[in-house]
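Visitor: Here it is: the structure, laid out below.
The values are calculated or read from the model by the stated rules, or taken from the named source; none is laboratory data. Keep in mind that this is a model prediction, so the values were computed, not measured. Please note: Cβ atoms are built from the backbone with ideal geometry, for glycine as well, and neighbour counts cover all protein chains shown.
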Amino acid sequence: MIKVITYGTYDLLHQGHINLLRRAKELGDYLIVGVTSDTFDQGRGKLNTRNNVLERVEAVKATGYADEVIIEDYVGQKIDDIQKYDVDIFAIGSDWVGKFDYLNEYCKVVYLPRTEGISSTQLREQTQDTYRIGIIGSGRIARRFVPESKIVSGAEVVSVLNPDAAGAEAFAREFGLQAHTAFDPFIEGVDAVYIASPHPTHYEYAKRALEAGKHVLCEIPLVLSGTEARELYDLAERNKLVLLEASKTAFCPAFNHLVTLVKSGVIGDVVDVKASLSKMVAPPTRELDPAQAGGAMNEHAPLTLLAIIKLLGRDYTWQSPTRMARICA
Ligand code: CTP
């Protein structure tokens, strides 16, 4: 008996999926379909699937081509599955050509023709409004945002704002965006902003964007005082807008798994959290310049505090490192 295995998300199951499953089934006698778990997809940037894993499994079963459906939940699982199920052929669409050649060591790898003109991404885009995002600031961090935004359905970066015209134009040219040097025309053309400008400007930009009725994602540190933070969160709530500090660690699956493991009591009661963050940087850079809103202190403290507050809650007491060393001794 020839066993074939294939994998996919199968969100909003469409004709391309059905063709692929039929072709995969025709390669052998028994077809195993690996459907990605929701967390696995989130971890690889597929954030906007419409169907949850149970619905996607049901949709694959309903095609009638799968003899067995399994869940794909971790990187490297394909090798484990091929060995566990004694698979002869690994099949996948031609959009992946070359990517799975490493599996040839374990079974035959076949790239099947992809159906042109249809994809889950396309279906999601047709049935939802796309949020137009404008970036404020065109420095180091903003550069990473544009390529990463491309793998998120329902969001499109459309413009950049920088009072320095040369900076705005160079960035806009590189990423195919509209360049702005003035706030008002910039904010009119977007639904949400991502603030990646120098720290002391965050408060003012966030406030103006919220007042204009736009959602705000703002780089760490959101603002430089509790009063400013409270004011902005009140404003966002009043205007029914999202205001979020761009702390990717807070959404990182591994970090959240750590928090849930600790909360489950697996290591007992947590009485102390030591969190530190190190970064090797060469001067001149803002992290090493206390004159730039505290330098590394304000830039990195939100991340270490995140670990402490998530694990201990807000009702914690602070011990100096010397006192802690004495307690531990
Ligand atoms: N597939 C295909 N033809 C299409 C779309 C997908 O043959 N038009 C194949 C893929 O190559 C893969 C399987 O179907 O082998 C499952 O792919 P999946 O990623 O779930 O489908 P997409 O529609 O490509 O999803 P997305 O747009 O979210 O990437």
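Visitor: Here is a check on your reading of the model: is Asp73 of a type in the set (D, E, K, R) and surrounded by fewer than 14 Cβ atoms within 10 Å (Cβ to Cβ)?
Guide: Here the answer is no, as Asp73 does not meet what is asked.
Visitor: May I pose another question? On the given criteria, is Thr115 within 12 Å of the ligand (Cβ to nearest atom) and either closer than 30 Å to Leu222 by Cα or among the polar types (S, T, N, Q) (or both)?
Guide: It is true that Thr115 is within 12 Å of the ligand (Cβ to nearest atom) and either closer than 30 Å to Leu222 by Cα or among the polar types (S, T, N, Q) (or both).
Visitor: Can you go through Ala325, Ala293, Ala282 and tell me which one is part of a loop (DSSP other than H, G, I, E, B) and modelled with pLDDT under 90?
Guide: That would be Ala293, the only listed residue that is part of a loop (DSSP other than H, G, I, E, B) and modelled with pLDDT under 90.
Visitor: Another question about this same structure. May I ask you to list pairs of residues, at least six apart or on different chains, whose Cβ atoms are under 9 Å apart, with the first in region 43-68 being closer than 30 Å to Thr249 by Cβ and touching a residue at least 40 places away in the same chain (Cβ under 8 Å) and the second being of a type in the set (Asp, Glu) and assigned to a loop (DSSP other than H, G, I, E, B)?
Guide: These pairs meet every condition: Lys46/Asp11; Asn48/Asp11; Thr49/Asp11; Arg50/Asp11; Asn51/Asp11; Arg56/Asp11.
Visitor: Look at Arg143 and say whether it is more than 13 Å from the ligand (Cβ to nearest atom), part of a strand (DSSP E or B), within 22 Å of the chain's Cα centre (by Cα) and surrounded by 14 or more Cβ atoms within 10 Å (Cβ to Cβ).
Guide: Taking the combined requirement at face value, the residue does not satisfy it.
Rundown of residues vs (1) in a loop (DSSP other than H, G, I, E, B); (2) out of contact with any strand residue (DSSP E or B) (no Cβ under 9 Å at 6 or more places or on another chain); (3) closer than 18 Å to Ala246 by Cβ, yes/no style:
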residue: Pro163; (1), (2), (3): yes, yes, no
residue: Ala170; (1), (2), (3): no, no, no
residue: Val190; (1), (2), (3): yes, no, yes
residue: Tyr233; (1), (2), (3): no, no, yes
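Visitor: Checking Gly28 against (1) in contact with a strand residue (DSSP E or B) (Cβ under 8 Å, 6 or more places away or on another chain); (2) small (Gly, Ala, Ser); (3) within 13 Å of the ligand (Cβ to nearest atom), which single condition isn't satisfied?
Guide: Failing condition for Gly28: (3).
Visitor: So in region 307-329, with the set limited to residues that are over 25 Å from the mean Cα position of the chain (by Cα) and β-branched (Val, Ile, Thr), which one is surrounded by the fewest Cβ atoms within 10 Å (Cβ to Cβ)?
Guide: Thr317
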